[in-house]
Amino acid sequence: MKNIIVVFCFIIFSFNAMAQKPILLDDIHYYVSDSSVRNIAVNYFKTFFKGRSMAEQVMNPLPFIDLISLGSDEATFNISSPEPISSIKLAIKNPLFREKVKPSTSNLPIYGVRWVAFNTTNIRKTVRKLLKSGYGFAAENFTLPTEPEVNAVAMYGFDSNIIVLVERPNMKNMKTEFGIDHLQLLVNNLEDNVRFYQNVLAAEIIDKADRSTVLKIGNQRFVLSEPEALGLVREQVMERNPKKFVANIDHLGFLYDEIEPAFYGAKANRYKVVVEPQRMIYNKKPTPYTYCIVMSPDNFQIELQQEDGRTSARKIYKNVQK
């Protein structure tokens with residue numbers, strides 16, 4: 001009888017420890033340098049890429065975050081500034097009290113999300129349109145690490161963040177003008193990071209190149225590359241430092257209908273969990289969110305989250321007063 005119980009417990013633990021596939025990549029969270037840049041960032045996505053504000057649930061919404069969507073069934077761009085966030089447990093020291101690194105195109109690259117890529121059916125036409133609408137960027141043709149034959153353009157946006165346009169002529173039936181093509185992650189050790197995303201988020205390998213691997217997680221493509229694959233000098237890439245605030249993508253959030261199994265999978269594989277599953281409290285009141293934060297091998301935050309009553313991408317647009 002004792003042996004049966006041990007085997008049963010082992011089976012339950014093994015099930016809980018398995019990587020659990022998220023429903024989707026739910027949010028790409030930018031911390032911007034200050035509140036004025038927050039407004040610039042919101043207008044950037046709306047003016048140039050046809051983004052729209054998305055609504056939160058009515059129960060204790062979070063006023064310090066703007067949620068912008070480019071297209072249906074996609075992640076939102078969540079934008080917040082480093083002012084104090086009341087009553088929310090942060091994985092690292094509050095950005096307001098950290099040493100700030102001034103945004104600049106000459107800053108050293110940092111491990112984490114190197115760029116977000118948008119797809120467009122015609123790059124030349126899109127670049128002309130962006131310039132006509134007032135986008136003052138320096139566009140540079142460059143080579144994608146896993147698709148050297150594809151036309152792509154890199155450009156700088158708010159806080160010197162990199163946005164890439166990727167030409168996809170076969171996507172003429174898109175419901176919106178722009179969509180998220182992929183996220184490029186800069187990683188220190190490719191093998192360790194691929195294993196992390198497989199073990200925690202049930203990532204599927206869909207392609208490989210020299211020092212790069214393409215993963216599919218939920219509904220989204222991710223390209224993981226070591227510095228050399230992006231033409232960078234490894235010694236000049238910044239480690240993620242909790243004592244320094246760099247205005248960039250702070251974390252990625254993945255939506256689940258239940259985060260507990262994914263949490264157990266992360267724990268079983270001995271990954272660093274800095275916030276165990278808990279209800280998010282804002283101003284001493286509960287919000288619709290339950291979340292957990294796991295750190296990648298490069299100390300990049302991955303947020304496992306669930307939201308009361310929602311198991312798909314946000315659908316409701318926010319009514320903005322003109």
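Values as computed for the structure displayed
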read-out: Residue among LYS272, LYS50, LYS285 with the largest mean-square fluctuation in a Gaussian network model of the chain, springs linking Cα atoms under 10 Å; value: LYS285
read-out: Long pairs among LYS175/LYS285; LYS102/LYS267; LYS102/LYS125; LYS132/LYS175, criterion Cα-Cα beyond 28 Å; value: LYS175/LYS285; LYS102/LYS267; LYS102/LYS125
read-out: For VAL273, VAL187, VAL116, VAL233, order by how many other beta-carbon atoms lie within 10 Å, fewest first; value: VAL233, VAL273, VAL116, VAL187
read-out: Considering only the range 24-307, percent of DSSP beta bridges that pair antiparallel, nearest 5; value: 70 percent
read-out: Computed over the chain: relative contact order in percent, which uses C-alpha pairs under 8 Å that are six or more apart; value: 26 percent
read-out: Pairs from LYS21/LYS216; LYS46/LYS315; LYS100/LYS284 whose Cα-Cα separation, in the structure shown, is over 19 Å; value: LYS100/LYS284
read-out: Residues whose placed amide H lies under 5 Å from that of THR76, excluding near-sequence neighbours; value: ASP27, ILE28
read-out: Relative exposure of LYS208, LYS175, judged by other C-beta atoms within 10 Å (fewest first); value: LYS175, LYS208
read-out: Principal-axis tilt of helix 190-201 within the chain, Cα atoms, nearest 10 degrees; value: 60 degrees
read-out: Long-range HN-HN contacts of ARG240 with modeled amide H, under 5 Å; value: TYR111
read-out: Point-to-point label distance, SER72-ASN39, nm (Cα→Cβ direction, 7 Å offset); value: 3.3 nm
read-out: The range 162-201: translational diffusion in µm²/s, Stokes-Einstein, Kirkwood Rh over Cα pairs, 10 °C, 1.306 mPa s; value: 122 µm²/s
read-out: 5 angstrom amide H check on THR121, placed H, neighbours 5+ away; value: ARG168
read-out: Nearest 10 degrees, 0 to 90: helix 123-132 Cα axis against the chain principal axis; value: 70 degrees
read-out: Kirkwood hydrodynamic radius of the chain, Cα pairs, Å; value: 20.6 Å
read-out: Likely footprinting exposure, GLU204, GLU307, fewest C-beta neighbours within 10 Å first; value: GLU204, GLU307
read-out: Counting all C-alpha pairs of the range 246-322, share separated by more than 17 Å (%); value: 53 percent
read-out: Angle between the chain longest axis and helix 35-49 axis [Cα atoms, degrees, rounded to 10]; value: 70 degrees
read-out: Residue-averaged 222 nm ellipticity for the chain, from DSSP H runs of 4+ at -39500 (n - 2.57), nearest 500; value: -6000 deg cm²/dmol
read-out: For the range 143-156, Karplus couplings with θ = phi - 60° (6.51, -1.76, 1.60), whole Hz, Gly/Pro x; value: 9, 6, x, 10, 9, x, 7, 8, 5, 8, 9, 9, 8, 9
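Computed from the coordinates by the stated procedures, all read-outs in this text should not be read as laboratory data. Predicted, not measured: the structure shown is a model, and the values here were computed from it. For neighbour counting, all protein chains shown are included, and Cβ atoms are generated from backbone atoms with ideal geometry for every residue, glycine included.
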